[in-house]
Amino acid sequence: MSKVYFPTVNKIAYEGPQSTNPFAFKYYNPEEIVLGKPMKEHLRFSMAYWHTFTYMGNDPFGGASITREWDGGDPMTQAKERVHAAFEFMEKMGMEYFCFHDVDIAPRGATLEESNRNLDEIVDEIEAEMKRTGIKCLWGTTNAFGDAKFVHGASTSCNATVFAYTAAQIKKAMEVTKRLGGENYVFWGGREGYETLLNTDVNRELDHFAAMLKMAADYADKIGFTGQLMIEPKPKEPTRHQYDFDAQSVIGFLRKYGLEKRFVLNIEANHATLAQHSFQHELHMSRINGLLGSIDANMGDPILGWDTDQFPTNLYDATLCMYEVLQQGGIAPGGLNFDAKVRRASTDAEDLFLGHIAGMDTFARGLKVAAKMLEDKVFIKNIDERYASYNTELGATIENGTADFESLEQYALKNGVTKSPSGRQEMLESILNQYILEA
Ligand code: XUL
Ligand code: CO
């Protein structure tokens, strides 16, 4: 019998909304059918290896505040303990996916070769645990931002040897993700941005960034990695100006370099709010461009205003997120990855469970509300009516490209402008409330 890391917690079961047991789901009922498929297939929840298994409570003003059962020992022993603790955790949570950076699972070595060897050894352990439990890999990624060599960026560094090292690191992480059957691979440009234009050639850096992505896509094809490749937008942190600012900037960048057929977007709630957007805005912009690939489900704090990566408990955001997902026909092969960490003062191992339960219940409820809103077509009907003037003869000529300035001038001179319909925003927000409360 191997070591048990969470002896005080049993498998988390669905007990329903009346339950007062903190270690039970109130809304997440994995097998419950919503719009023809089980909840768990809609939601595809994933654990973020970094926040759950490597975050020790550090913040800019203080060091570790948390100690874990798997801490201590040499880095490789600790990494192996983490694997076993992580799979025990996911089994108890009933989570079927995880996401990882290369350095979350295995310690960086003194050389690239040593780092790669460490990875291979840990991946053996992960593979065995995946086989034992049936848990799968949603996505892998590379941490090309933490180490000092990435001080000026990775593929956008002014230093070509850093570019080469980044390529090597991505190459290995892609191979590992493929080996683990990862369904996606993510690029978050941790330091791909700039601090001051006084020392930066943005044009050149963007060309380099695109070159790296093109090589990554080519390598994926070469090794037969068929998962989705995804870019995760974020406007700032750590750099003042991240190149992947938001969904629309990334879409423009992908189109400029002809990469839009190979990359989709991984949208994170807290990154959306850092860009002064709503979570739904970023999801919507990605979706209507056919580029919504996956979701980092967390939330920020409007008072603090930085990337706090909290477990999502906002029912409005979760509902509107699932509303976008349902309108797209699902999120697979992406999923909902909890890129979220417990608060620095939530120091018990139990808090890891309670945080995930809170997030899973919130999205389960959001899913059910969104499904009902969609079924009833409440908002859709209203939107259709709002644009009804485009269904007239005049509107049709504008939409089908047969109108020109002369024909429109003629129309305006003859007919003037009719009264526009009311936006009815207050009524619609109140209907949304009604669905959240009653659905
Ligand atoms: C950082 C962030 C990352 C990515 C993966 O803000 O969200 O954890 O999700 O590198
Ligand atoms: Co993220």
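Taking the average, over residues, of other Cβ atoms within 10 Å as the packing measure, peptides 407-419, 25-37 rank 25-37, 407-419 from highest down. When each of the peptides 125-134, 241-250, 296-305 is scored by how many other beta carbons lie within 10 Å of its residues on average, the order from highest to lowest is 241-250, 296-305, 125-134. Taking N as the residue count of the chain, its C-alpha radius of gyration divided by 2.2 N^0.38 Å amounts to 1.07.
For helix 160-179, report the angle its Cα long axis makes with the longest principal axis of the Cα atoms of the chain; keep it between 0 and 90° and round to the nearest 10°. Roughly 90 degrees, rounded to the nearest 10. Candidate cross-link partners of residue 3 among the aspartates and glutamates, defined by an alpha-carbon separation under 19 Å and a same-chain spacing of 8 or more, comprise 69, 71, 74, 81, 88, 91, 124, 125, 127, 129, 348, 350.
On full extension, the segment bounded by residue 24 and residue 388 gains 126.3 nm, given 0.36 nm per residue less the C-alpha separation. Mean residue ellipticity at 222 nm, helices only, the chain: -14500 deg cm²/dmol; runs of at least 4 DSSP H residues each add -39,500 (n - 2.57), and the sum is divided by the number of residues. From most to least packed by mean Cβ count within 10 Å, the peptides 310-318, 190-198 give 310-318, 190-198. Secondary structure note: in segment 142-280, about 20% of the DSSP beta bridges are antiparallel. Of the beta bridges in the chain, as assigned by DSSP with both residues counted there, near 15 percent are antiparallel.
On a straight-distance basis, which lysines could pair with residue 372 in a cross-link, Cα separation under 17 angstrom, same-chain partners fewer than 8 positions away excluded? Those lysines meeting the cut-off are 37, 381.
Among 431, 122, the sequence by solvent-accessible area, most first, with a 1.4 Å probe is 431, 122. If you fit an axis through the alpha-carbon atoms of helix 315-327 and take the longest principal axis of the Cα set of the chain, what angle between them do you get, 0 to 90°, nearest 10? Approximately 70 degrees, to the nearest ten. Per residue, the chain exposes 48 Å² of accessible surface when a 1.4 Å probe is rolled over the protein heavy atoms with every protein chain present.
Rounded, prolate or oblate: which one fits segment 211-363, using the alpha carbon gyration tensor with axes a ≥ b ≥ c (rounded when a/c is under 1.5, else prolate when a/b beats b/c, else oblate)? Since a/c reaches 1.5 and a/b is larger than b/c, the shape of segment 211-363 is classed as prolate. Working from Cα pairs under 8 Å separated by at least six residues, relative contact order for segment 270-337 is 38 percent.
For segment 290-439, the pair-distance distribution built from all alpha carbon pairs, in bins 10 Å wide starting at 0, is 9, 27, 25, 18, 13, 5, 2, 0 percent. Ligands, DNA and RNA left out, the 1.4 Å accessible surface of the chain is 53% carbon and sulfur atoms. Per-residue extension of 0.36 nm, minus the Cα-Cα distance of residue 112 and residue 15, leaves a gain of 30.1 nm for this segment. Segment residue 121..residue 61, full-extension length gain: 18.1 nm, with 0.36 nm per residue of separation and the alpha-carbon distance subtracted. Within the same chain, aspartates and glutamates fewer than 8 places from residue 377 are excluded, and of the rest, those with a Cα less than 13 Å from its Cα are 385. Distance between the modelled labels on residue 409 and residue 314, one decimal in nanometres: 4.8 nm (7 Å Cα→Cβ projection). Structure note, pairs 214/341; 11/341; 149/172; 80/172: Cα-Cα distances above 23 angstrom occur for 214/341. Placing dummy labels 7 Å off each Cα toward the beta-carbon, the span from residue 262 to residue 348 is 4.9 nm. Between helix 405-415 and the chain there is an angle of about 60 degrees, using the helix long axis and the longest principal axis of the Cα atoms.
The values are calculated or read from the model by the stated rules, or taken from the named source; none is laboratory data. Since the model is a prediction, treat every value here as computed from it, not as a measurement. Methodologically, a virtual Cβ is constructed for each residue, glycine included, from the backbone with ideal geometry; neighbour enumeration extends over all protein chains shown. Accessible surface is based on the protein model in full, side chains and every heavy atom, while ligands, DNA and RNA are left aside. Shrake-Rupley method; radii C 1.70, N 1.55, O 1.52, S 1.80 Å.
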